[in-house]
Amino acid sequence: MVASALAFTGMTTLIKFLGDDYPAALQTFYRQLAGFIVLLPIIIRRGRGAYTTTRPGILLFRSAAGTVGMILSFYAFQKMPLADANALSFTRTLWLVPLAALVVRETVGPLRIGAAVVGFVGVLVMLRPGVDGAFAIGLPALAMLASSFLFALTITGMKVMTRDHSPTVLLVWAATLGLILGIPGAILTWRWPEPFDLVLLGAMGVLGTITQGCYIKGMSIGDAAAMAPIDYIRLVFTVIVGVSLFHEIPSVWTVAGAALVVASTLFITWREHQLSKLKKAGVVVSEEPL
């Protein structure tokens, strides 16, 4: 999980560094291309088996949402201070609460609803709409919030698909469709990269794949409730990079709002883990106990 946080910080640093010359849609294409290349040996070895599915429609929707979400998040990382963009990216956990009730039909009790409300209050603290008589929410912040919602949709879709699909099949479909769906945006914003920039773009894509791989591995071999908080260490890493490389000093509003978002998402993660343990133990959970 620490390696995932470090790789993510490296990726977002390159996103911001290259952002003046390479638009978010083009960077997304290179990110998707790197993920596909990494999975190509598995695709070749398994052949058609790597794409075995009974619900291609949901996989297409997940990939479309993920690709658009990635473009929006890359745009936000380019235009916002790294710490601010990172803090807003954690709102994906907050979006999972209403999506779990509406899409997966899970019972969502007052504790998780309350935690989600606190988290969104933290978002308002960071964005401060209406401060000094102006609506302070800019396009980059809205892009990151929309990205987090789209990523929450992909996570919800994964919960549905993992009932009868292996993680490898889901990764292969996501990488393949993500690459295909990333081509139009790349064509519209295309420019031939300089040799050194091509190396950096490739490194950015590889770091993104490492981020995903390390995160999945950490969550699979460790206790989810214990592993999830470690992911928030990337807030510390991005603050360090933002200050040292881009001279970005987080405001007191960012720190206060991020604290509320992190606290609420940690509680939601812990609560879902506790309910999952009860269900695995055979305890019928009709609603969340207070």
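So here's what we get for this one:
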{"item": "Qualifying residue in the range 71-81 (condition: over 25 Å from Leu198 (Cβ atoms) and either without any contact (Cβ under 8 Å) to a residue 24 or more places away in the chain or not hydrophobic (A, V, I, L, M, F, W, C) (or both))", "result": "yes"}
{"item": "Hits in the range 55-97 (condition: touching a Phe, Trp or Tyr at 6+ places or on another chain (Cβ under 6 Å) and within 15 Å of Leu14 (Cα to Cα))", "result": "Ala85"}
{"item": "Output for the range 235-246, where each listed residue is over 17 Å from Ala76 (Cα atoms) and at pLDDT 90 or above", "result": "Phe237, Ile240, Val243, Ser244, Leu245"}
{"item": "Flag if Asp197 is charged (D, E, K, R) and modelled with pLDDT under 80", "result": "no"}
{"item": "Tally of residues being basic (Lys, Arg) and not in a helix (DSSP H, G or I) across the range 157-212", "result": "2"}
{"item": "Test for Ser63: is it outside any loop (DSSP other than H, G, I, E, B), touching a residue at least 12 places away in the same chain (Cβ under 8 Å), among the hydroxyl-bearing types (Ser, Thr, Tyr) and in contact with a Cys (Cβ under 8 Å, 6 or more places away or on another chain)", "result": "no"}
{"item": "Verdict on Val103 being in contact with a helix residue (DSSP H, G or I) (Cβ under 8 Å, 6 or more places away or on another chain), over 22 Å from Ala256 (Cβ atoms), modelled with pLDDT under 85 and aliphatic (A, V, I, L, M)", "result": "yes"}
{"item": "Residue in the range 6-18 that is surrounded by fewer than 23 Cβ atoms within 10 Å (Cβ to Cβ), more than 27 Å from Trp190 (Cβ to Cβ) and not acidic (Asp, Glu) present", "result": "yes"}
{"item": "Criterion violated by Leu124 - all others in (1) crowded, with 21+ Cβ neighbours inside 10 Å; (2) modelled with pLDDT under 85 satisfied", "result": "(1)"}
{"item": "Breaking point among (1) among the hydrophobic types (A, V, I, L, M, F, W, C); (2) farther than 17 Å from Ala141 by Cβ; (3) under 19 Å from the mean Cα position of the chain (by Cα); (4) buried (at least 17 other Cβ atoms within 10 Å of the Cβ), for Phe90", "result": "(2)"}
{"item": "Residue list for the range 245-284, filter: among the acidic types (Asp, Glu) and in a helix (DSSP H, G or I)", "result": "Glu272"}
{"item": "Filter pass, Ala7 being modelled with pLDDT of 90 or more, more than 16 Å from the chain's Cα centre (by Cα), of a type outside the set (Ser, Thr, Tyr) and assigned to a helix (DSSP H, G or I)", "result": "no"}
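For (1) of a type outside the set (Asp, Glu); (2) under 15 Å from the mean Cα position of the chain (by Cα); (3) surrounded by 19 or more Cβ atoms within 10 Å (Cβ to Cβ), each residue gets a yes or a no:
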position: Val2; (1), (2), (3): yes, no, no
position: Pro23; (1), (2), (3): yes, no, yes
position: Pro41; (1), (2), (3): yes, no, no
position: Tyr51; (1), (2), (3): yes, no, no
position: Gly57; (1), (2), (3): yes, no, no
position: Thr67; (1), (2), (3): yes, yes, yes
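The values are calculated or read from the model by the stated rules, or taken from the named source; none is laboratory data. No experiment lies behind these values; they were computed from the predicted model shown. Cβ atoms come from the backbone with ideal geometry, glycine included; neighbour counts cover every protein chain shown.
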